[in-house]
Amino acid sequence: MRKILYQIVLLVLCVSPCLAASSFDDFQKEELDGFAQYLDKETNSYFAFEKEIVKEWGGFKGSTPKLWVDYSKNLSTRSTVNFEKGFVEIESLVPVTTQSPVKAALPAIKKHLHKIDSKCNKQAGFSIESTGANKPNIQKKAIILKPSTENGKKIVKVRIPLPSDYLRKSAAKYKRDVLKNAAVYGIDPKFVFAVIHTESYFNPFARSHVPAFGLMQLVPKSGGRDAYQYVFKKSVTPTAAYLYNSKNNIQLGVAYLGKLKNVYFKGVKDIMTSYLVSVAAYNTGPGNVARTLTGTTNLSKTVQKVNTMTAKEVYTALLNNLPHNETKQYVKKVVERSRLYSNS
């Protein structure tokens, strides 16, 4: 997502024009300095963790919007749940001299599997072990990788498919919170489900490089804070822990989508058009959407412009003229996936 760019654009859009130039400069510097400090804090903490992983594994693998990577306490076993492609891999390190590496790694693999299964069951709405992963044939699925040259250890890896209906179960898990917040903030639930599907594939542990967190991939210092202000009328930057809570994440994510639709793009007459520009803005920021459609960051002009167009014309204009291919694909996917949740 490109919400860092949105945060900078938002500064320009939200500051009162009556502020003196020097006041605006001071305000902008304060906001950007705060954002930089936030990134430094997050980055330093994450780099320390990354350093420990590299020391143990010879390389780093971390969570992404579509992958949840979890390590054991001693860092010698890790799992990767692929929410996009529907499988989990569990890897365990054993000494290179181990004669029966699979047998040696199996207890740690099963223990870690049980741990992540419990988390998935509680937070994502589906069970991994229900696919037969805890049966004796798990040993037959083990693959021994070549020893890493950096740490001289063998890696035993097991891949297990997620339940065939894991996405449906995840959507059902969050349905109550989606419907509740969609009603509060005036958003059609099918677009909320489609945004979650596209942002994270219903991965409640999602983290991007920005970093953005959770189901709806909110950046704390930009979209997260904007949404928190909209909901609670307080200028608070939500923490990563706060955004990893699915209820909090859905509330702020839907609120942010609602603010885009009902505040920034208030006055758009056609309902589908209002969702098109709001969904695009959720990814790239309202200023970039305005610039794409009018050549300026003026939101009033954007509303006037789209009110002279059909929804199809707006959709075509966005897909043809948005500056980033990521956002073009994002809009396309959300529109397509919204049809999957029409009866939600």
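The values are calculated or read from the model by the stated rules, or taken from the named source; none is laboratory data. Please read these numbers as outputs of a predicted model, since none were measured by experiment. So basically every Cβ, Gly included, is an ideal-geometry build from the backbone, and we count neighbours across all protein chains shown.
Just a few scattered comments:
- Residue 172 being out of contact with any Phe, Trp or Tyr (no Cβ under 6 Å at 6 or more places or on another chain), among the small types (Gly, Ala, Ser) and within 23 Å of residue 332 (Cα to Cα): no
- Scope segment 83-97; condition touching a residue at least 24 places away in the same chain (Cβ under 8 Å) and not β-branched (Val, Ile, Thr); matching residues: 83, 84, 86, 87, 89, 91, 92, 93, 95
- Out of 138, 155, 187, one residue alone is in contact with a strand residue (DSSP E or B) (Cβ under 8 Å, 6 or more places away or on another chain) and not in a helix (DSSP H, G or I). It is 155.
- Any hit, segment 123-133, residues being over 21 Å from residue 173 (Cβ atoms) and at pLDDT below 90: yes
- Selected residue [assigned to a loop (DSSP other than H, G, I, E, B) and either more than 20 Å from the chain's Cα centre (by Cα) or hydroxyl-bearing (Ser, Thr, Tyr) (or both)] from 296, 292: 296
- Of the set (1) over 25 Å from residue 125 (Cα atoms); (2) buried (at least 23 other Cβ atoms within 10 Å of the Cβ), all apply to residue 219 but (1).
- Scope segment 57-71; condition in contact (Cβ under 8 Å) with a residue 24 or more places away in the chain and surrounded by fewer than 18 Cβ atoms within 10 Å (Cβ to Cβ); matching residues: 58, 59, 62, 66, 70
- Among (1) within 25 Å of the chain's Cα centre (by Cα); (2) modelled with pLDDT of 90 or more; (3) in a helix (DSSP H, G or I) - the single one residue 103 does not satisfy: (1)
- Set 259, 269: member being basic (Lys, Arg) and outside any helix (DSSP H, G or I): 269
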